[in-house]
Amino acid sequence: MIRTFAAATFGGTAVVHDPAVGTNHLPPQPLPTGCVALDDQQVAAWPLADPAALALDYPLSMCWSPIVRCNLACPQCLDDKTVRESTPAERRTLVRHIAASGVLGVDISGGEPLLLRELPDLARAIRSKGTSVVSCTTNGWHLARRARTLAGALDAIRVSLDGATAATHDTWRGQHSYRRAVAGIGAAVAEGLFVQLQMVLMQANKHEAQELLDLAAHLGAGGVTFLQMLPIGDGASLAAEQMLTDEQAQETVGPLTVPAGVRVRLRTRQSAGGFTVLRADGFAWRNTPGATGISAFVPVTGPADLRLPTSGSSS
């Protein structure tokens with residue numbers, strides 16, 4: 001499939017960011033800087049970039065959570081719900097800082113970002129300079145009704161499914177969450193959006209990993225990302241019971257049979273170390289090595305404030 005990626009060169013090394021999977025790749029030859037149309041099978045075959053080895057003035061990719069509110073109450077959530085939510089004017093200011101920072105990929109998360117009426121406008125503003133690609137992570141509850149307006153604003157959408165069945169997913173996300181998410185995925189695919197499913201990998205759902213891959217292929221999603229649970233926010237109380245080691249996660253994902261056309265990523269806690277997050281109150285932080293806490297907590301008053309001290313990976 002031909003879709004949009006973001007490319008840049010750092011110290012002579014060309015890098016391409018995938019907005020759906022969230023990975024950074026090393027192309028065999030330099031590419032034009034900015035947003036480029038590439039074959040995703042070709043990009044997936046390129047080696048992964050190690051951001052720590054590059055001469056970076058800013059993160060390759062980041063998460064922006066412009067909203068605290070959510071229509072669900074998931075016990076594994078890593079968000080700090082005590083944070084003040086930024087005003088619409090403050091969000092527009094933060095968008096300008098993000099767009100001017102040079103970051104290749106921005107994932108808009110939350111809270112639940114589809115509760116923001118201006119979400120398409122925020123995404124377009126980040127993409128306006130032609131240097132960044134934008135994805136959105138959603139629980140999918142409102143995706144069916146919003147898919148059409150999002151299709152022209154996002155480069156990819158990531159939908160949370162913490163189980164391949166309604167019984168498992170709804171245990172974690174609430175009644176009817178599975179039905180609403182699956183309907184939203186269908187609507188997004190029909191509108192031409194590239195959809196990546198995301199499962200927070202836990203002891204309680206790891207047995208459905210293969211079934212989730214098969215479901216992704218059935219629904220027309222382009223891939224699945226298995227996210228290692230982070231002991232941050234509400235999820236900290238579940239860590240002892242539900243959290244897998246990175247080795248256990250690799251043992252779960254490694255033997256899976258991947259359907260044709262489906263991209264699979266396991267985001268370990270080690271690889272999540274150093275990732276940059278911009279919170280709803282306008283403060284930015286990085287995950288600590290191993291992604292068990294946060295560091296470099298600073299207010300973002302301009303693009304340079306996103307250039308946090310690097311610690312480990314930033315992808």
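Numbers for the structure displayed
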item: Relative contact order (percent, whole number), segment 8-118, Cα cutoff 8 Å, 6+ residue spacing; result: 30 percent
item: Percent RCO, i.e. relative contact order, over segment 8-49, from Cα pairs under 8 Å lying at least 6 residues apart; result: 39 percent
item: Fluctuation leader among Val262, Val103, Val15 - the chain, Gaussian network, Cα springs under 10 angstrom; result: Val262
item: Kirkwood Rh, angstrom, the chain [1 / mean 1/r, Cα pairs]; result: 19.3 Å
item: At most 15 other Cβ within 10 Å, DSSP loop - trypsin sites (Lys or Arg not before Pro), segment 123-228; result: Lys129
item: Alpha-carbon Debye profile of segment 35-177, log10 I(q)/I(0) at 0.11, 0.12, 0.15, 0.18 Å⁻¹; result: -0.48, -0.57, -0.87, -1.16
item: Rg followed by Dmax, in Å, when segment 231-294 is reduced to its Cα trace; result: 14.5, 42
item: For segment 183-273, diffusion coefficient by Stokes-Einstein and Kirkwood Rh (Cα), 10 °C, 1.306 mPa s, µm²/s; result: 115 µm²/s
item: Convex hull of segment 107-148 built on C-alpha atoms - directionally averaged projected area, nm²; result: 2.9 nm²
item: Å³ per residue enclosed by the Cα convex hull of segment 1-88; result: 172 Å³
item: Antiparallel bridge percentage (DSSP; both residues within the chain; nearest 5); result: 40 percent
item: Computed label-point distance, nm, for sites Ala166 and Arg124 using a 7 Å Cα→Cβ extension; result: 3.7 nm
item: CD proxy at 222 nm, helix term only [per DSSP H run n ≥ 4: -39500 (n - 2.57); per residue of the chain; nearest 500]; result: -7500 deg cm²/dmol
item: Simple label model, 7 Å out from Cα along Cβ direction - Asp57 to Arg92, nm; result: 2.8 nm
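A short reminder: the numbers here are calculations on the coordinates, not readings from a lab. Only a predicted model underlies this, so the values are computations on that prediction, with no experimental measurement involved. Glycine gets a Cβ as well: all are built from the backbone with ideal geometry, and neighbour counts include every protein chain shown.
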